[in-house]
1. What share of all Cα pairs of region 205-309, in percent, falls into each consecutive 10 Å distance bin?
2. What are the lysines whose alpha-carbon lies under 30 Å from the alpha-carbon of residue 341, with same-chain residues fewer than 8 places away excluded?
3. How would you order 196-202, 155-161 from highest to lowest mean count of nearby Cβ atoms within 10 Å?
4. Contour minus end-to-end for residue 162 and residue 252, with contour as 0.36 nm per residue of separation and end-to-end as the Cα-Cα distance?
5. Explain nothing, just compute: Karplus ³J(HN,Hα) = 6.51 cos²θ - 1.76 cosθ + 1.60, θ = phi - 60°, for every residue of region 38-45 in order, whole Hz, x for Gly and Pro.
6. Provide the gained length on full extension for the span residue 26 to residue 266, in nm with one decimal, where the gain is 0.36 nm per separating residue minus the Cα-Cα distance.
7. Where nothing but the Cβ of Lys and Arg (+1) and of Asp and Glu (-1) is charged, how large is the charge dipole of region 177-277 around its Cα centre, in debye to the nearest 20?
8. On a C-alpha basis, how far is the centre of region 78-108 from the centre of region 212-276 in Å? Whole number, if you could?
Amino acid sequence: MIWNDFTHRVAASWPQVGWDEVLPAVLAGLVTVLVIKGGMRLLANRLRALSRRTQTTLDDGLVSVLEHTSGPLVALAGLLVGLSMLPLDARWQARVDQVWFALVALQLGLWLQQALSQVLAAQQLRHGGGTALSASATLLGWALRATLWAVVVLAVLSNLGVNITAFIASLGIGGIALALAVQNILGDIFASLAIAVDKPFEVGDSVTVGDVTGTVERVGLKTTRIRSLGGEQIVMSNAELLKRTVANFKRLQTRRVLFSFGITYEASADEVAAVPPLVRELIEADPKLEFARAHFKGFGDNSLDFEVVYRVQDSDYDVYMDRQQALYLSLMRALKQRGIKLAFPANTVNVVGLNAQGVAPRGAAPDAPDHPLPAAG
């Protein structure tokens, strides 16, 4: 009985049309499907041919987006075009308009989803496709796609006349509560995304964070693992890591080196004046080094002090140590050849009351004070 009532209502509400009206509508729908598919195929072929002659990836992305045009949605568009040609009443016309809105929204959602995938893939390729970026890109892709389809569904429901205000409010309250509950985890996840996108360091970089120095082994969604110089693995929270100053030695292009040395006071003024040009000659003789300055700095307690600044044209630490060692040895040899002695710390002790042979005169007390102490009363 219920089914009969339903069929009667459908028959009563269905518009009364004849074949002379249905046939043009069907033909119009078929033509619409053919035109849309043919136009999309032609546009994709043109863009594909253009992409072979250009270096940009934008046209490749547009081709991929167009290829994700839904066939069922195109067929539905043809059906709607045919229905719009029929003499429908206002109620049926409103339903057709609602379906049109849903169709356009769904197709735009498919195109935007593919565009997001293309952008994330290009970003990963641009930064070398590391595992950290891959995990972060996957997480970011899920979040963006979920947001996109939530907007599409809410827009379709709103067009159908559903009151979504209360639903959006409940989602907002639930989202705030969830965010407060997992704020530390979300902070680390967003910090991971920041590391993946901004690239302050990568896996394999040698870094110093606070009092930790080592090599980055892995950047995860919540933590970053650093292999320290002592061999142990240091696990640091991504959010805490970004709050600190990170020194990345892999990004080092050159090394600025400052060192000081001193010569004895036996050197003459001419010998002192000859030392800075000598140091400059030694530095410029090494193609890996760039001379900056060398000066007689001042008079030390036990030495005439010099200060030298140069740059090593290589970021490798071993190269820096090798060139520094070679420079120091060359400087020692050059100073020795010129009879200039390097100074070393020395302390002079003067002992009162000793003769030239270091023996106290007979009857003298070397450690006695100059004035005798008064006698006890």
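1. For region 205-309, the pair-distance distribution reads 13, 29, 16, 19, 17, 6, 0.
2. The qualifying lysines are 288, 297.
3. Details: 196-202: 16.9, 155-161: 14.6.
Going from most to least packed, we get 196-202, 155-161.
4. Gain on extension, residue 162 to residue 252, equals 26.5 nm.
5. Listing the rounded values in order: x, x, 5, 5, 5, 5, 5, 5 Hz.
6. Values: separation 240, 0.36 × 240 = 86.40 nm, distance 11.07 nm.
Going from the current span to full extension adds 75.3 nm.
7. Taking the Cα centre of region 177-277 as origin, the dipole is about 560 debye.
8. That distance is 68 Å.
A short reminder: the numbers here are calculations on the coordinates, not readings from a lab. Since the structure is predicted, the reported quantities are computational estimates derived from the model, not experimental observations. Every residue, glycine among them, receives a Cβ derived from its backbone with ideal geometry; neighbour counts consider all protein chains shown.
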